[in-house]
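Have a look at the structure below before the remarks.
The values are calculated or read from the model by the stated rules, or taken from the named source; none is laboratory data. Not measured: the values here are computed from a predicted model. Cβ placement follows ideal geometry from the backbone for every residue including glycine, while neighbour counts extend to all protein chains displayed.
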């Protein structure tokens, strides 16, 4: 738990699954009270399984356009949450000359799961639910009175 930052950046490898999910979850939780973006280390394409499992809980990420670190127009974030080791390394490099907290939430990559469509969707749901639990714990609604 901690203070609610004014701007949060989620970072992962491709900005196609984990970080767009996290961005959507935090935006859904806190609305416009916190500026939220997501980014990837490498170029990616939005994953349709991620879109589907987020839609199941009423969050639309279908218009998300994956971006990379060089695409960042504004680097004034209070908190960067990296979701993959590669993204964590890049976030630490980015913040060497910035006053910004960087935390690492090592998050499983559901694209690694093979098998039936349902087995794959189950992996995506698990990642979604784990991210939701971490976000709920880190950004409690009760702290919103101080904004």
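So which residues in region 39-52 are closer than 14 Å to residue 128 by Cβ, in contact with a helix residue (DSSP H, G or I) (Cβ under 8 Å, 6 or more places away or on another chain) and outside any loop (DSSP other than H, G, I, E, B)? Within region 39-52, 49, 50, 52 meet the criteria. Cβ-Cβ distances below 7 Å connect the following pairs, each with a first residue in region 130-141 that is modelled with pLDDT under 95, a second residue that is in a helix (DSSP H, G or I), and a separation of six or more residues or different chains: 139/26; 139/29; 139/30.
Can you confirm whether region 135-142 contains a residue that is assigned to a loop (DSSP other than H, G, I, E, B), within 17 Å of residue 22 (Cβ to Cβ) and out of contact with any strand residue (DSSP E or B) (no Cβ under 8 Å at 6 or more places or on another chain)? Scanning region 135-142, I find at least one residue that is assigned to a loop (DSSP other than H, G, I, E, B), within 17 Å of residue 22 (Cβ to Cβ) and out of contact with any strand residue (DSSP E or B) (no Cβ under 8 Å at 6 or more places or on another chain), so the answer is yes.
I want to confirm something. Restricting to region 90-119 and keeping residues that are assigned to a helix (DSSP H, G or I) and in contact (Cβ under 8 Å) with a residue 24 or more places away in the chain, which single residue is surrounded by the most Cβ atoms within 10 Å (Cβ to Cβ)? Checked region 90-119; the qualifying residue surrounded by the most Cβ atoms within 10 Å (Cβ to Cβ) is 91.
Kindly indicate whether residue 25 is touching a residue at least 24 places away in the same chain (Cβ under 8 Å), part of a helix (DSSP H, G or I), within 15 Å of residue 135 (Cα to Cα) and touching a helix residue (DSSP H, G or I) at 6+ places or on another chain (Cβ under 9 Å).
yes
As a summary of the residue check, residue 122 satisfies the conditions (1) more than 13 Å from the chain's Cα centre (by Cα); (2) part of a helix (DSSP H, G or I); (3) crowded, with 20+ Cβ neighbours inside 10 Å except for the one numbered (3). Residues in region 45-89 that are at pLDDT below 95 and surrounded by 21 or more Cβ atoms within 10 Å (Cβ to Cβ): 77 only.
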